[in-house]
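Participant: Can you keep this structure in mind? I'll have questions shortly.
The values are calculated or read from the model by the stated rules, or taken from the named source; none is laboratory data. Not measured: the values here are computed from a predicted model. Cβ: placed from backbone, ideal geometry, glycine included. Neighbour counts: every protein chain shown. The accessibility values were calculated without ligands, DNA or RNA, using every heavy atom of the protein model including side chains. Shrake-Rupley method; radii C 1.70, N 1.55, O 1.52, S 1.80 Å.
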Amino acid sequence: EIDYGTPAREAVRTVSLTIDGKRVEVPEGTSIMRAAAIANTPVPKLFATDSLNAFGSCRVCLVEIDGRAGTPASCTTPVAEGMTVKTQSERLTQLRRGIVERYMSDHPADCNGAECELHGMARDLGLAEIRYGRAGENHLDDHTDVSNPYFQYDPAKCIVCFRCVRACEEVQGTFALTALGRGFDSRIAASAAEPFLESECVSCGACVQACPTPALIEKSVVAM
């Protein structure tokens, strides 16, 4: 099933643009990311998913737009009539490698690749080595919360993408998850840093489904 990155938009007008040489017509207000997926030239993404509103913070989905300076995030940039977009270039690849390399420096090397979108993206970008290593300040020794009977949360594998928090709010409406701390110290937590079992979590699984890494994973999958 295709994940278009951002939700669909309904509009009376349609917009025609070119993405990687392909002409595509989409409803006005559609993100470049979604338009690219429709044109079968998807943009790399980590924090974005079409079941949640655009967040625009990972910067992996950068694109180039003719006539515009910089490299805007495709998830939060709407299409425009006559726009010409590049989703792939040497410049974009280098920018994405730098971003993913930083995430990987604070992510377990032995993370389950089949369940980890971050490891998959690193492979796609040809990141065989991490220049920064994993010996600096990191979260790799954070302890796993196994209090919930259905899933577990391993903060060492968390990239703080907020997809779980947003799913808890936008999909389930429970507001059981939050982010504590700022910057490097920012971590996902259930309620006021309580274990999942003692929080307002209702074990709906929306956070697990939204998580792009094995940070949140069903215990049945771990046991396999």
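Participant: Taking the condition of being in contact with a strand residue (DSSP E or B) (Cβ under 6 Å, 6 or more places away or on another chain) and open to solvent by less than 30 Å² (accessible area, probe 1.4 Å), how many residues in the range 123-154 meet it?
Facilitator: Going residue by residue through the range 123-154, those that are in contact with a strand residue (DSSP E or B) (Cβ under 6 Å, 6 or more places away or on another chain) are 144-146, 151, 153.
Checking which are open to solvent by less than 30 Å² (accessible area, probe 1.4 Å) leaves us with 151, 153.
Number satisfying all stated conditions: 2.
Table: residues versus (1) under 25 Å from GLU170 (Cα atoms); (2) under 12 Å from the mean Cα position of the chain (by Cα); (3) among the small types (Gly, Ala, Ser).
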site	(1), (2), (3)
VAL12	no, no, no
ARG34	yes, no, no
GLY56	yes, yes, yes
THR87	no, no, no
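Participant: Something else about it: Just need a number here: residues in the range 192-216 that are buried (at least 16 other Cβ atoms within 10 Å of the Cβ) and either at positive phi or in contact with a strand residue (DSSP E or B) (Cβ under 6 Å, 6 or more places away or on another chain) (or both).
Facilitator: So the answer is 6.
Participant: I need the full set of residues from the range 159-191 which are in contact with a strand residue (DSSP E or B) (Cβ under 8 Å, 6 or more places away or on another chain), open to solvent by 20 Å² or more (accessible area, probe 1.4 Å) and part of a loop (DSSP other than H, G, I, E, B), in order please.
Facilitator: Those that are in contact with a strand residue (DSSP E or B) (Cβ under 8 Å, 6 or more places away or on another chain), open to solvent by 20 Å² or more (accessible area, probe 1.4 Å) and part of a loop (DSSP other than H, G, I, E, B): VAL160, PHE162, GLY181, SER191.
Participant: Can you pull out the residues in the range 36-54 that are more than 15 Å from the chain's Cα centre (by Cα) and open to solvent by less than 10 Å² (accessible area, probe 1.4 Å)?
Facilitator: In the first step, residues of the range 36-54 are kept if they are more than 15 Å from the chain's Cα centre (by Cα); the result is 36-41.
Listed by number, the list holds a single entry, ALA36.
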